Amino acid sequence: MELAPKRAGFAPERINRITEHLDKNYIAPGKIAGCQTLVARHGHVAYFKSQGLMDRERRKPMTDDTIFRLYSMTKPITSVALMTLFEQGHFQLNDPVSRFIPAWRDHKVWVSGEGASMETVAPVRPMTMRHVLSHTGGLTYGATNHPVDRAYRDAGVGRGAGETLSGFADKLAKVPLRYQPGERWMYSLSTDVCGYLVEAISGKSFDRYLQEAIFDPLDMKDTSFMVAPREADRFAANYERQADKTLKLFDDPERSNYLKQPTFFSGGGGLTGTTADYLRFCEMLRRGGELDGVRILGPRTIELMHLNHLAGGKDLSGMAIGAFSETAYEGVGFGLGFAMTLGQVEAGALGGGDYYWGGAASTIFWVDPKEDMVVIFMTQLMPSATFNFRGQLRNIIYSAIVE
């Protein structure tokens, strides 16, 4: 990949601070096994480097074509897929989700209690397509001890082996909503629902629709819900940080479930892919929905997706329930599949106006329309909140822009 930092408007010696920062503070002390970072501006790649190991146990170096678990960086791709159907006139953002999932017409909202004594009420407003795209519909991840989350587990709501998107949607019809749709924000299974909606509206399986509508047109040849046997040698190991600050192998690339064909195509976290592929997706976003003569979405749709859709223009600090997500809350809004920095002062970060998301294994990306820039960081470290890679990289990258 040809690097052109000066053409991209960066001071080379300043943008190259990324290398020393990551090596000195993370790779050398063993906090991560390895990583990959890419910075592009005005369509020119200013920085791209693979550092450390992709597989510590087998001493395999990180290579430029390493395949990573994207986890929640799947979510923006799923959201774009659903919005291609929006552009075809299949739905409006304020349409109720029950138009496409009739079993959801009887959803109730939790008020108090649990189990047989749980008190619920009818929704003030129906859950809409906007709500599932923006995590404001009342769904959860079913991962806490809250009565609604326990109801998820009792109903068998999950994304495990043998589950399907249609079966998943049917089970969600049997559990209450955590809050009134539109009134709060909670990171949730909403984007997996978006994947099912793509199936229900298009009449195609979700994996096939992604392949035909996004991956093939954008030439994202290494992005998939499964790592093919011929590509398994490029698949990175995934690690988990222990209480004693050491790394433990979390998912062995030679025994991973990602080597098997799934039955559940998770729009919320199921994809694997390369930095090069994700760059093509991000470049499409940066260019207003088009790349290399292929248009995925219109520019007005892309703009709509990274506007703040939270009620009353609030930031997440005034809307969010729970502390788990891939973003901080102060000065941050949420649109249709992306978070965005509403204000640099409120967020305490450079890059106001950008939009972004991350993944459970500490992967991150952002697109900055003002600077005409894309940044992608890949590693495989669980959980994602262990280190503030995004904040640190932002300081280095934005301070390296000189024109």
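Sort out which residues of the stretch 282-317 are β-branched (Val, Ile, Thr) and closer than 23 Å to Val332 by Cα, and write them in order of number.
Passing the criteria: Thr301, Ile302.
So which of Ile77, Ile101, Ile67 ends up being farther than 26 Å from Ala361 by Cβ and either open to solvent by 10 Å² or more (accessible area, probe 1.4 Å) or touching a helix residue (DSSP H, G or I) at 6+ places or on another chain (Cβ under 9 Å) (or both)?
Ile101
Out of the residues in the stretch 211-234 meeting the condition of being in a helix (DSSP H, G or I) and out of contact with any strand residue (DSSP E or B) (no Cβ under 9 Å at 6 or more places or on another chain), tell me which one is least open to solvent (accessible area, probe 1.4 Å). If you could, list the steps in order and put the result at the bottom.
Taking the stretch 211-234 as the starting set, the residues that turn out to be in a helix (DSSP H, G or I) are 211-215, 229-234.
Adding the requirement that they be out of contact with any strand residue (DSSP E or B) (no Cβ under 9 Å at 6 or more places or on another chain) leaves 212-214, 229-230.
Working: Glu212: 81, Ala213: 25, Ile214: 0, Pro229: 107, Arg230: 193 Å².
Applying the filter and picking the extreme gives Ile214.
What's the number of the only condition in (1) surrounded by fewer than 21 Cβ atoms within 10 Å (Cβ to Cβ); (2) not in a loop (DSSP other than H, G, I, E, B) that Phe324 fails to meet?
(2)
Please enumerate the residues belonging to the stretch 188-210 that are surrounded by fewer than 24 Cβ atoms within 10 Å (Cβ to Cβ), in a loop (DSSP other than H, G, I, E, B) and not polar (S, T, N, Q).
Across the stretch 188-210, the qualifying residues are Gly203, Lys204.
What is the number of the single condition among (1) open to solvent by less than 10 Å² (accessible area, probe 1.4 Å); (2) in contact with a Pro (Cβ under 9 Å, 6 or more places away or on another chain) that Ser50 does not meet?
Status for Ser50: all satisfied but (1).
As an exercise: evaluate Trp110 against (1) in a loop (DSSP other than H, G, I, E, B); (2) more than 27 Å from the chain's Cα centre (by Cα) and give the number of the one condition it does not meet.
The failed condition is (1).
Every residue in the stretch 5-47 that is part of a strand (DSSP E or B) and open to solvent by 30 Å² or more (accessible area, probe 1.4 Å), please.
His44
Quick check: is even one residue across the stretch 338-347 touching a residue at least 40 places away in the same chain (Cβ under 8 Å) and out of contact with any strand residue (DSSP E or B) (no Cβ under 6 Å at 6 or more places or on another chain)?
no
The values are calculated or read from the model by the stated rules, or taken from the named source; none is laboratory data. What you see is a predicted model; the values in this text were computed from it and never measured. A quick note on method: Cβ atoms are made from the backbone with ideal geometry, for glycine too, and the neighbour counts reach across all protein chains shown. For the accessible areas, the whole protein counts, side chains as well, though only heavy atoms, and no ligand, DNA or RNA atoms are used. Shrake-Rupley method; radii C 1.70, N 1.55, O 1.52, S 1.80 Å.
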